[in-house]
Structures are given as C-alpha cells and as structure tokens.
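Contents: one structure, followed by commentary.
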Amino acid sequence: MYSEEVIRDRVQSQARIFSGLKYSPFIIAALVLMAVALVYVWSHIRTTELEYKIAEEMGIKETLLEEQRKLKVELATLKSPHRIEAIAKEKLHMTYPEKDQVIIMK
C-alpha cells in the first residue's frame, strides 16, 4: 500500500488546506464588513453633498424671490396713473380735452 511517508505528506497537506480554510470565513466576513462600511460612507458623503446642493438652491430661490418682489414694485410704480399723467403732461405736452373736443358716441 502506501508508505508512511506518503501518508504523512498527504495528512500534512490536508492539514494545511483545512488550516487555510479556517481563516477564509474570517476573510470573507472582513471583506463583507468593508463593503458595507464603504457603502455607508459613500451614502453619507452623497447625503452631505445633496444637503449642500439643497442649501445652495434655497439661497438662489430666496435671491430670485427678492428680485421678483422688487420687479413687482417697479411694475406697480411704472403703471401708476399719476406717473403716466405726469409724463403725458411734461414730456408729451398733452392736456385734458376741452368740452367741445369730446364726442360721445352711442
């Protein structure tokens, strides 16, 4: 059959294989934990980036709302009947019509 030396070599090689397998579940667990940690860190960084982007967009929104308020005030000022009347009198030299200049149509 087999000599003692061959049997001993086979036993030692199998022992080395099993001792290597003893560490592989720990290595797999460590790799899984590292992957989970990387996903967690990535998601945290992504969340932080999005929060900064939201804050920036909110600032832009506030700026645009302020500009809109100013433009509404300017529009109301420009549409003011008193302002239009003053421009008509001063720049265009317009006056109110006399009674005989008014024609009423039925």
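Observations
- So residue 12, is it modelled with pLDDT under 90, surrounded by 10 or more Cβ atoms within 10 Å (Cβ to Cβ) and not basic (Lys, Arg): yes
- A count restricted to the stretch 63-92 and to residues that are of a type in the set (Asp, Glu) and surrounded by fewer than 10 Cβ atoms within 10 Å (Cβ to Cβ) stands at 1.
- Scope the stretch 88-103; condition modelled with pLDDT of 90 or more and assigned to a helix (DSSP H, G or I); matching residues: 88, 89, 90
The values are calculated or read from the model by the stated rules, or taken from the named source; none is laboratory data. Predicted model, so just to flag it, every value in this text is computed and none were measured. Note that we place each Cβ from the backbone using ideal geometry, even for glycine, and neighbour counts take in every protein chain shown.
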